[in-house]
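A.B. asks: Before I ask anything, here is the structure I am working with.
The values are calculated or read from the model by the stated rules, or taken from the named source; none is laboratory data. This is a predicted model, so every value here is computed, not measured. A quick note on method: Cβ atoms are made from the backbone with ideal geometry, for glycine too, and the neighbour counts reach across all protein chains shown. Protein only, heavy atoms only, side chains kept; ligands, DNA and RNA dropped before computing areas. Shrake-Rupley method; radii C 1.70, N 1.55, O 1.52, S 1.80 Å.
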Amino acid sequence: QFTRPKSFSRAEYNKDRSWTKRQLLGPDAATSKELDVFYQMNLDPLKECRNTSLLSRFVTNMGKIRGRSETKLTWKNQRRMGKAIRRAKMMGIIPVLSRRPLFMTDKGMP
């Protein structure tokens, strides 16, 4: 099987590729600055690592940190919030693994 030297050129390589935009992981910078409470009030999420009621808004039922697309925070505050949640888990303020309660209706067991 023969290959022409032209087949290795950049133009030939890019001919078959379709360029698509990368999927957004959250709002753009301007929108997130409007929606981010920490940015508007000039608060540092790391200093709020002992506030369990605030941290619970950014954690799912299973104990995972919510993504930026759900929290609508800026990039910087999303990273800081994740660090604050991890610190709170290590201190034992919030549970590391949260389990959903199981409801047994058939046998009446808890």
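A.B. asks: Collect the residues in the range 76-90 that are open to solvent by 100 Å² or more (accessible area, probe 1.4 Å) and in contact (Cβ under 8 Å) with a residue 24 or more places away in the chain, keeping them in residue-number order.
C.D. replies: From the range 76-90, those open to solvent by 100 Å² or more (accessible area, probe 1.4 Å) are 76, 79, 86-87, 90; that's our starting set.
Selection gives Arg87 alone.
A.B. asks: Only one of these conditions is not met by Lys64: (1) on the phi < 0 side of the Ramachandran plot; (2) in contact (Cβ under 8 Å) with a residue 12 or more places away in the chain. Which number is it?
C.D. replies: All conditions are met except number (2).
A.B. asks: Report yes if Asn77 is under 16 Å from the mean Cα position of the chain (by Cα) and modelled with pLDDT under 95, otherwise no.
C.D. replies: no
A.B. asks: Here's a follow-up. I want to confirm something. Restricting to the range 9-56 and keeping residues that are among the charged types (D, E, K, R) and surrounded by 10 or more Cβ atoms within 10 Å (Cβ to Cβ), which single residue is nearest to Ile94 (Cα to Cα)? Outline the logic, then answer.
C.D. replies: Taking the range 9-56 and keeping what is among the charged types (D, E, K, R), we get 10, 12, 15-17, 21-22, 28, 33-34, 36, 44, 47-48, 50.
If we keep only those that are surrounded by 10 or more Cβ atoms within 10 Å (Cβ to Cβ) too, we end up with 12, 33-34, 36, 44, 47-48, 50.
Values: Glu12: 55, Lys33: 27, Glu34: 28, Asp36: 23, Asp44: 19, Lys47: 15, Glu48: 13, Arg50: 9 Å.
Once the filter is applied, the top-ranked residue is Arg50.
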